[in-house]
Amino acid sequence: MAALVSLGGLWLGADFALALTPIPNEETQTHLFHDLDHDKDGGVSLGEYQDSHQACMRGPKCRAWLERTFHTLDVNRDGVLTLEEFLAPIREKRRKRP
Ligand SMILES: [Ca+2]
Ligand SMILES: [Ca+2]
């Protein structure tokens, strides 16, 4: 019973943290996506994604994190982020928010 209460507390904590984290505006993210898409082909390649994070690319840890983030967003693993893939995490957060 105590474990259940503690689990309930954890979930409450997670919901609270989620509620405090601002979700980026979808319109802002759409603009960002088009900024990242340098050659305007409608997709963001890893190169384009890295180009927009020049400061981050100087550190190996940040660089690895950047690549991991890109591959996480690239759901269909074709090496290109579509607007849908780019916005998916925000839409997911919005769905989870009470
Ligand atoms: Ca592109
Ligand atoms: Ca993709």
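Bear in mind these aren't lab numbers, they're just calculated from the coordinates by the rules spelled out. Treat the numbers as computed from the prediction; the structure is a model and nothing was measured. A quick note on method: Cβ atoms are made from the backbone with ideal geometry, for glycine too, and the neighbour counts reach across all protein chains shown.
Data overview
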quantity	calculated
Number of the exception - His53 against (1) within 12 Å of Leu83 (Cβ to Cβ); (2) touching a residue at least 12 places away in the same chain (Cβ under 8 Å)	(1)
Test set (1) farther than 21 Å from Ile23 by Cβ; (2) away from ligand 2 (no atom under 16 Å from the Cβ) - His34 fails condition number	(1)
Every residue from region 70-98 that is surrounded by fewer than 14 Cβ atoms within 10 Å (Cβ to Cβ) and either of a type in the set (Phe, Trp, Tyr) or within 14 Å of ligand 2 (Cβ to nearest atom) (or both)	His71, Thr72, Val75, Asn76, Arg77, Asp78, Gly79, Glu84
All positions within region 36-69 that are surrounded by 16 or more Cβ atoms within 10 Å (Cβ to Cβ) and near ligand 1 (Cβ under 9 Å from one of its atoms)	Leu36, Asp37, Gly43, Val44, Ser45, Glu48
Pair list, Cβ < 6 Å and 6+ apart or interchain, from region 65-83 residues that are without any contact (Cβ under 8 Å) to a residue 40 or more places away in the chain to residues that are away from ligand 1 (no atom under 16 Å from the Cβ) and not charged (D, E, K, R)	Leu66/Cys56
